[in-house]
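Step one of this worksheet: look at the structure below.
The values are calculated or read from the model by the stated rules, or taken from the named source; none is laboratory data. The structure presented is a predicted model; accordingly, all values stated were derived computationally and were not measured. Every residue, glycine as well, gets a Cβ built from its backbone with ideal geometry; the counts of neighbours run over all protein chains shown. What goes into the accessible areas is simple: the full protein's heavy atoms, side chains included, and nothing from ligands, DNA or RNA. Shrake-Rupley method; radii C 1.70, N 1.55, O 1.52, S 1.80 Å.
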Amino acid sequence: MRVDPRTLGWLSRALTHEMSAVQQYLAQSVLARLWGDEALAAHLRREAVEEMEHAERLMERLILLGMAPSAGNLPPARLGRGVEDLLAADRQLEADAVRLYQEALAHAQRMRDADSAALLEGILGEELAHVRELDEMMTERTQHG
Ligand SMILES: [Fe+2]
Ligand SMILES: [Fe+2]
């Protein structure tokens, strides 16, 4: 099968995003633990693992298409002085993910690459759930905080 180089580009861009997300959630988890907030640290660590699983699925697709996975330069993890800062940074990260997966999915559909489209659509759904979850956490904090 002929592999569309732009599809490989989108998959690689998505991989870079996921590795950045792993770095950010893991670093925030470490920071939360240093603050003594074990519950938040555990939550953020679980998010890091979910993003790692997204990276894993993208790597499988890249390898099946004959390409060695290679994430680009990762931006620094966005930290902050308190929980609100972390949630705001994560909300931004997840909104970026949604935009990226929407564009990547549209490209795969135009190329009639059903397998890549199915993968991208699946991850897009999970990123949309991450955005909703963060919105709920932020609303809860403004109500009780
Ligand atoms: Fe992700
Ligand atoms: Fe996410």
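For the range 53-77, give me each residue that is under 14 Å from the mean Cα position of the chain (by Cα) and either exposed (fewer than 15 other Cβ atoms within 10 Å of the Cβ) or over 14 Å from Leu15 (Cα atoms) (or both). Glu53, Glu56, Leu74, Pro75, Ala77, listed by residue number.
I'd like to know if the range 29-50 contains one or more residues that are within 11 Å of ligand 2 (Cβ to nearest atom), modelled with pLDDT of 95 or more and in contact with a Ser or Thr (Cβ under 9 Å, 6 or more places away or on another chain). So that I can check it myself, show each step before the final result.
From the range 29-50, those within 11 Å of ligand 2 (Cβ to nearest atom) are 47-48, 50; that's our starting set.
From what is left, the residues that are modelled with pLDDT of 95 or more are 47-48, 50.
Now narrow it down to the ones that are in contact with a Ser or Thr (Cβ under 9 Å, 6 or more places away or on another chain): 47-48.
Scanning the range 29-50, I find at least one residue that is within 11 Å of ligand 2 (Cβ to nearest atom), modelled with pLDDT of 95 or more and in contact with a Ser or Thr (Cβ under 9 Å, 6 or more places away or on another chain), so the answer is yes.
Take the range 116-145 and flag every residue that is among the charged types (D, E, K, R), closer than 20 Å to Arg61 by Cβ and open to solvent by 40 Å² or more (accessible area, probe 1.4 Å). Residues satisfying the conditions are Glu121, Glu126. Within the range 91-115, the set of residues being away from ligand 1 (no atom under 11 Å from the Cβ), open to solvent by less than 60 Å² (accessible area, probe 1.4 Å) and in contact with a helix residue (DSSP H, G or I) (Cβ under 8 Å, 6 or more places away or on another chain) comprises Ala95, Ala104, Leu105, His107, Ala108, Asp113. Selection of the range 89-103 for residues being more than 15 Å from Gly125 (Cβ to Cβ) and acidic (Asp, Glu) yields Asp90, Asp96, Glu103.
Per the listing Glu94, Glu133, Glu103, the residue uniquely over 18 Å from Gln28 (Cβ atoms), outside any loop (DSSP other than H, G, I, E, B) and modelled with pLDDT of 95 or more is Glu103.
Table: residues versus (1) in contact with a Pro (Cβ under 8 Å, 6 or more places away or on another chain); (2) within 26 Å of Arg141 (Cβ to Cβ); (3) in a helix (DSSP H, G or I).
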position: Val3; (1), (2), (3): no, no, no
position: Arg6; (1), (2), (3): no, no, yes
position: Arg13; (1), (2), (3): no, no, yes
position: Leu26; (1), (2), (3): no, yes, yes
position: Val30; (1), (2), (3): no, yes, yes
position: Ala41; (1), (2), (3): no, yes, yes
position: Val49; (1), (2), (3): no, yes, yes
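Among the residues of the range 1-24, are any under 25 Å from Arg112 (Cβ atoms), surrounded by fewer than 17 Cβ atoms within 10 Å (Cβ to Cβ), hydrophobic (A, V, I, L, M, F, W, C) and at pLDDT below 95? Yes, because at least one residue in the range 1-24 is under 25 Å from Arg112 (Cβ atoms), surrounded by fewer than 17 Cβ atoms within 10 Å (Cβ to Cβ), hydrophobic (A, V, I, L, M, F, W, C) and at pLDDT below 95.
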